[in-house]
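Here's the structure, in structure tokens; my notes come after.
Read-outs: derived from the displayed coordinates by stated rules, not from any lab. Every value quoted in this text rests on a predicted model; they were computed, and no experiment measured them. Methodologically, a virtual Cβ is constructed for each residue, glycine included, from the backbone with ideal geometry; neighbour enumeration extends over all protein chains shown.
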Amino acid sequence: MITSGIKVIEEGSSIDIEGLIFLSNGVELIVNESPRSEDFEYLTSFFKPRKPWRGPSSEELDILFDAPMQFDGNSSVYICRLPEALIDELSIMGIGDLANLQSLTTLISQRSEEFSKISAYIRNVVNFFLKDNGAFKYRGIYFSPPNLETTAYDNNKKLLGLHVDSAYTEGIPDNKPDIMRLCINLGKETRYILFINKSIQHIREMIAEYEMVKELRYSVDDLVAKFFQYYPDYPVVKLRQRPFDFYLMPADNIIHDGSTEGTHHCDITMVFQGHMNDLIP
Ligand SMILES: [Fe+2]
């Protein structure tokens, strides 16, 4: 079962638990998986959640949800909804119906004034969560095919499976990173966030129960593989991200991915990266 670690925080006083969280039956190592779509194939070996998915026990829910709800940028996953007025504007734009980046570019050129207004609104929302008043990077809008068990891919369009973002770190981070990923679901279907509710530091401590981690110079990928080798039954958390929900996650401090399994339409996400507030008011 899940043990104490990374917390989930959902905005709002009444959390709709139904369908919000699922837990896997551990993970499995997949080798030489056949391509999932015309455009994407998996790395030669990767980890994915092992089925079946199940609902969490009440004890596991207590472990996963923080009380009182306080956001710690290094040990929380925050799921939140865009303001309703912004959702209305985005719905009118119809981005969720688009199939690729090219059609988005066309739409933006046709309706540049509306898009500028929406863009400014989104930046205000993102800015609310940032340290240093604006120290964030807009990563882009990403289109991915539907129905992928895991969604993250590298520059060669190879799907990664469960991973830790390491763009800002080399080797195993000694200090808590505070780079946060903010991702908005602009698609028309619910997608899911997959993650292990343990920080890199916590994972290192768990591996140390089996071997002397400090003596070895693991890369972050090695650390992920070692964790799954020693804890293959540890559940992956699958957290719902509805259209116009966004999440905040310290993606270089958590083993994670996205999932669109079972969907029929293009997955569209808008991603920002930056130094987020440790505490969201
Ligand atoms: Fe990632």
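Using R0 = 35 Å, the C-beta based FRET efficiency linking His264 and Ser112 works out to 0.70. Near Arg191, once Lys and Arg are set to +1 and Asp and Glu to -1 for all other residues with Cβ below 13 Å from its Cβ, the sum equals -2. Ordered by the number of other Cβ atoms lying within 10 Å of each residue's own Cβ, fewest first, Ser109, Ser144 fall into the sequence Ser109, Ser144. The Cα center of segment 217-252 and the Cα center of segment 42-121 differ in position by 17 Å. Once the chain from Tyr138 to Lys51 is taken as fully extended at 0.36 nm per residue, the excess over their C-alpha distance is 27.9 nm.
Taking every C-alpha pair closer than 8 Å and separated by at least 6 residues, the mean separation divided by the residue count of segment 7-275 gives a relative contact order of 32 percent.
Antiparallel DSSP bridges in segment 7-275: what percent, to the nearest 5? Of all bridge pairs located within segment 7-275, approximately 85 percent are antiparallel. Each of the peptides 98-107, 183-192 was scored by the mean count of other Cβ atoms within 10 Å over its residues; in descending order, highest first, they stand as 183-192, 98-107.
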